[in-house]
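Okay, so here's the structure we're looking at.
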Amino acid sequence: MASLPPLPPVSPSVPPPAPPYVLALADDLSGAAETARALGGPVRVSLAVADVTAAHDLVVDLDTRHLASADAVSAVRAALRATEAGPARLLYKKVDSQLRGHLAAEAAAYAEGAEAVVIAPALPAARRTVTGGVVHVNGVPLHRTDGWRAERAPVPRSLPEALSGLPVRSVPLHTVRSGPRALDAEFRRIAASGAHPAPDAETDADLDAVAAAALRLGPGFRLLGSGGLAGALGRALARPATAPPSPPARDHAPLLVVVGTAEPGAIAQIAHLTALGAHHVLLDPADLASGTVRPPLPGSAPALTVFSIDGSTGLRPGAGRALSTALGALASAHPGRPDLVLTGGETARATLDALGIKELEPLCEIHHGAVHSRTPDGRRVVTRPGSYGSEDSLLRIAVALRPRLAVATKAV
């Protein structure tokens, strides 16, 4: 038998090209911080669009949730134009998992120039899923929950309805789970028809399949979703892990918790802190809006203070921005340069704007959505969406920032 020819020499392995930098655009600050941590690796959160040319992964808070629709569209377009001057970017649009904000208008602006936008707002970690093109919260269709009680507009009954004006085609769960070849083909078919795919998703594995398909199809397919899809993108890109944060070095500073949410669960979350002796300031909405509430005098601020808005008589829909601005101004005047826990994206942004803070360096996630960041001047800030967190959420955050409180919790 003739001998086989020798094998050709093995070429030195060439490492695959590094994935492009990610630019994620968020409509509020807590969502921006959540997205940064979900992407993994060294990611900055910027409060200024001018930073999009930086040579690293970046999440920009466009702060559009409170704007008029036309202004929100202008902000998205301006951010996309700014990318033309910087390095190649993989684009991601962060949206609310309950479809709040100027979703349709911003998505249409984001889709300009794209082959297609892959739309997947599911967030399995918070039990928010998409089945049959309908967002579900804890298994209940979104339009049958009270998630939109503070919104002026009626709650959408499906993703296509929420994205009215943008042609959207739902992709059923069995297709998402049918393998890469079938999912890629379906995304291409929908894009060729001039529409945008909106795949169902119930698990992180579903979102992993969606993100991987979009990456295989190339930069013409942009991603739009919640922190769940951002996490899938981060896993697909396999960014290097960041070093753990240094131990807290501000134990002497006051800790101010600013609860800028009307979520009913916030009452129980605050109760865990008052049980530890936190000073709770329940703010009347009228007094807050009129500016008659005054911060404590220097030297008189307690070690742990909680600000919240009294919603016992109901909050007027549409009043959130004015209250968040007033709450942020009050928080910024708190003596002692406190570390901050800020719930609700509008409240977080209003507070940092009042303090003149333009950038955050995310360090870690205390629990899902509760992102611990550092400011350029060394202050510690935790942001968290208002609707997130179990009953002990604020307690867990406070203990993470002030470990000495863990001793006090055992005595309660």
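The values are calculated or read from the model by the stated rules, or taken from the named source; none is laboratory data. Worth saying up front: this structure is predicted, and the values here are computed from it rather than measured. Neighbour counts are summed over all protein chains in view; Cβ atoms, including those assigned to glycine, are modelled from backbone coordinates with ideal geometry.
Tabulated results
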quantity: Qualifying positions in segment 113-132 - in a loop (DSSP other than H, G, I, E, B) and under 27 Å from L67 (Cα atoms); calculated: G113, A114, P121, A122
quantity: Any hit, segment 144-158, residues being buried (at least 22 other Cβ atoms within 10 Å of the Cβ) and aliphatic (A, V, I, L, M); calculated: no
quantity: Single condition G101 does not satisfy, out of (1) part of a loop (DSSP other than H, G, I, E, B); (2) of a type outside the set (S, T, N, Q); (3) at negative phi; calculated: (3)
quantity: Selection status of D204, over 29 Å from A33 (Cβ atoms) and in the same structural domain as V134 (by TED's automatic domain parsing); calculated: no
quantity: Filter result for P172 (over 26 Å from A33 (Cα atoms) and in contact with a Gly (Cβ under 7 Å, 6 or more places away or on another chain)); calculated: no
quantity: Filtered residue count, segment 163-181, keeping only those that are in contact with a strand residue (DSSP E or B) (Cβ under 8 Å, 6 or more places away or on another chain) and among the small types (G, A, S); calculated: 1
quantity: Residues being among the hydrophobic types (A, V, I, L, M, F, W, C) and buried (at least 20 other Cβ atoms within 10 Å of the Cβ) - total across segment 263-284; calculated: 4
quantity: Segment 70-81, subset over 10 Å from L25 (Cβ atoms) and at pLDDT 95 or above, residue farthest from the chain's Cα centre (by Cα); calculated: A70
quantity: Which listed residue, of T53, T35, T64, is of a type in the set (S, T, Y) and at pLDDT below 90; calculated: T53
quantity: One residue from E151, E84, E112 being modelled with pLDDT of 95 or more and among the charged types (D, E, K, R); calculated: E112
quantity: Segment 87-98, residues that are assigned to a loop (DSSP other than H, G, I, E, B) and at pLDDT below 90; calculated: P87, A88
quantity: Strands (runs of 3 or more DSSP E) (entirely within segment 145-260) containing at least 1 residues that are β-branched (V, I, T) and in contact (Cβ under 8 Å) with a residue 40 or more places away in the chain; calculated: 168-171, 255-259
quantity: Residues of segment 54-73 satisfying the condition of being in a helix (DSSP H, G or I) and either surrounded by 15 or more Cβ atoms within 10 Å (Cβ to Cβ) or touching a Pro at 6+ places or on another chain (Cβ under 8 Å) (or both); calculated: A72, V73
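Residues are listed down the side, and each one gets a yes or a no for (1) hydrophobic (A, V, I, L, M, F, W, C); (2) outside any helix (DSSP H, G or I); (3) surrounded by 15 or more Cβ atoms within 10 Å (Cβ to Cβ); (4) touching a Cys at 6+ places or on another chain (Cβ under 7 Å):
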position: V341; (1), (2), (3), (4): yes, yes, yes, no
position: T351; (1), (2), (3), (4): no, no, yes, no
position: P362; (1), (2), (3), (4): no, yes, yes, no
position: L394; (1), (2), (3), (4): yes, no, yes, no
position: I397; (1), (2), (3), (4): yes, no, yes, no
